[in-house]
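Step one of this worksheet: look at the structure below.
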Amino acid sequence: RDVSEWEYVESLSDEFNVNDVDLNKWNNDPGSWGPWSWDKKNVSLKEGNLEIALTYDKHQAIRRAYKTNGEKVSTELFYKSGIIRSHGSQVYGYYEARIKGTALQQGASPIFSIYSNFDHNVESGTV
């Protein structure tokens, strides 16, 4: 594919070369989203890099449990991570990121995920 056809999308781009996360572009506090616990203190910028930490923090959180058919139950968790989610939306395209792995804990790894709020009411093949 010819890269000259690619379109740069400013609202979905960030070089992280400032002092703080641009909260106009990013949400670093998604609340209770997914099985993890998030702490915005675990997100920082350093020398043009976004740094997301995973810290040991034994705590209780309310989560859906498969053993109780999805009922919300108090669950003991041991780590909190950082996260940023774009305020923008994109379903497909070209994405680029430099990601460094972690040796901290089995089952804990960095992730770069394309997440969209897909409208399930749209019929297949329609725009």
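Brief remarks on what is shown
- Filtered by the rule that a residue be more than 17 Å from T75 (Cα to Cα) and of a type in the set (A, V, I, L, M, F, W, C), segment 26-56 gives W26, V43, L45, L50, I52, A53, L54.
- Within segment 1-53, the set of residues being exposed (fewer than 10 other Cβ atoms within 10 Å of the Cβ), among the polar types (S, T, N, Q) and closer than 20 Å to Y95 by Cα comprises S4, N17, N24.
Here is a yes/no grid of residues against (1) modelled with pLDDT of 90 or more; (2) at positive phi:
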position: D29; (1), (2): no, no
position: D39; (1), (2): yes, no
position: V43; (1), (2): yes, no
position: K46; (1), (2): yes, no
position: T55; (1), (2): no, no
position: Q60; (1), (2): yes, no
position: A65; (1), (2): no, no
position: N69; (1), (2): no, yes
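- Hits in segment 18-47 (condition: free of Cβ contacts under 8 Å to residues at least 40 places away in the same chain, assigned to a loop (DSSP other than H, G, I, E, B) and charged (D, E, K, R)): D20, D22, D29, E47
- Tally of residues being more than 25 Å from F112 (Cα to Cα) and of a type outside the set (F, W, Y) across segment 66-93: 10
- Pairs, first closer than 26 Å to L54 by Cβ in segment 78-92, second charged (D, E, K, R) and modelled with pLDDT under 90, C-beta under 9 Å, six or more apart: I83/D29
- Test set (1) open to solvent by 90 Å² or more (accessible area, probe 1.4 Å); (2) free of Cβ contacts under 8 Å to residues at least 12 places away in the same chain; (3) assigned to a strand (DSSP E or B) - Y56 fails condition number: (2)
- For L50, the conditions (1) more than 29 Å from R64 (Cα to Cα); (2) not in a strand (DSSP E or B) are fulfilled apart from (2).
The values are calculated or read from the model by the stated rules, or taken from the named source; none is laboratory data. Not measured: the values here are computed from a predicted model. Cβ coordinates were reconstructed from backbone atoms using ideal geometry, including for glycine residues, and neighbour counts include every protein chain displayed. SASA here: full protein model, heavy atoms, side chains in, ligands and nucleic acids out. Shrake-Rupley method; radii C 1.70, N 1.55, O 1.52, S 1.80 Å.
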